[in-house]
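A.B. asks: I'd like to ask some things about the structure below.
The values are calculated or read from the model by the stated rules, or taken from the named source; none is laboratory data. Keep in mind that this is a model prediction, so the values were computed, not measured. So basically every Cβ, Gly included, is an ideal-geometry build from the backbone, and we count neighbours across all protein chains shown. These area figures cover heavy atoms from the full protein model, side chains too; ligands, DNA and RNA do not enter into them. Shrake-Rupley method; radii C 1.70, N 1.55, O 1.52, S 1.80 Å.
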Amino acid sequence: MAKQYGFYMDTERCIKCWACEVACKQWNGIEAGTIARRKVHEVESGTFPNVTRKFVSMSCMHCGDPACAKVCPAGAISKRGEDGIVVVDKEKCIGCRYCFFACPFGVPQYTETGMDKCDCCIGNGVTPGDMPHCVATCPTQALQYGEMGELADKVAGKKARQMADSATKPSVVVS
């Protein structure tokens, strides 16, 4: 594989405005109240009175070794060699949901046309290396996108870590 693109999520900057979710739905023609390729989660920690909240915008991890692709009996899920983006061929998807059960992050969702998930907007006129719509819309720049090596350089001085799953090797860095 030539490059591996992924996301960086800065939990110190995210304000839970949902702009990334809305942009994703709008650009991908996803009807409100249905699936979400990107979701903002709230994570609470501590005990009263020392409680903290952080927000994390999550989508497909575009794993280095995607479990979803391994279990797909129809061969509908593949990892692109040129950029590491995990894509779904909806023409091949049989809706068996094996990928959902194999994904440690619970990413795959289903519509009447089969499995759906983030594809870094490559289906919407964005080329790998360009900013996906969710990233371009983030008003606080909490969400960033790029080659994993470049993202690691950006966060070198921060307390950041790559999402952990030794089996799938997700392409997401969170601080």
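A.B. asks: In the set Gly46, Gly64, Gly75, which member is out of contact with any Cys (no Cβ under 9 Å at 6 or more places or on another chain), in a loop (DSSP other than H, G, I, E, B) and closer than 26 Å to Asp10 by Cβ?
C.D. replies: One residue alone meets the criteria, Gly64.
A.B. asks: Taking only region 83-101 into account, find how many residues are in a loop (DSSP other than H, G, I, E, B), among the hydrophobic types (A, V, I, L, M, F, W, C) and under 14 Å from the mean Cα position of the chain (by Cα).
C.D. replies: Qualifying residue count for the region: 1.
A.B. asks: From the list Ala36, Ala67, Ala76, Ala19, exactly one residue is surrounded by 15 or more Cβ atoms within 10 Å (Cβ to Cβ), closer than 27 Å to Gly129 by Cβ, touching a strand residue (DSSP E or B) at 6+ places or on another chain (Cβ under 6 Å) and touching a residue at least 24 places away in the same chain (Cβ under 8 Å). Which is it?
C.D. replies: Working: Ala36 fails: touching a strand residue (DSSP E or B) at 6+ places or on another chain (Cβ under 6 Å); Ala67 fails: touching a strand residue (DSSP E or B) at 6+ places or on another chain (Cβ under 6 Å); Ala19 fails: touching a strand residue (DSSP E or B) at 6+ places or on another chain (Cβ under 6 Å).
The conditions single out Ala76.
A.B. asks: Quick one: Val126 ticks every box in (1) in contact (Cβ under 8 Å) with a residue 24 or more places away in the chain; (2) open to solvent by less than 30 Å² (accessible area, probe 1.4 Å) except a single one, so which number is it?
C.D. replies: Result: Val126 passes all but (1).
A.B. asks: Here is a follow-up. Which condition from (1) farther than 28 Å from Gly149 by Cβ; (2) exposed (fewer than 15 other Cβ atoms within 10 Å of the Cβ); (3) in contact with a strand residue (DSSP E or B) (Cβ under 6 Å, 6 or more places away or on another chain) is the one that Val43 breaks?
C.D. replies: (1)
A.B. asks: Related question: Within region 112-121, does at least one residue satisfy the condition of being open to solvent by 30 Å² or more (accessible area, probe 1.4 Å) and outside any loop (DSSP other than H, G, I, E, B)?
C.D. replies: No, region 112-121 contains no residue that is open to solvent by 30 Å² or more (accessible area, probe 1.4 Å) and outside any loop (DSSP other than H, G, I, E, B).
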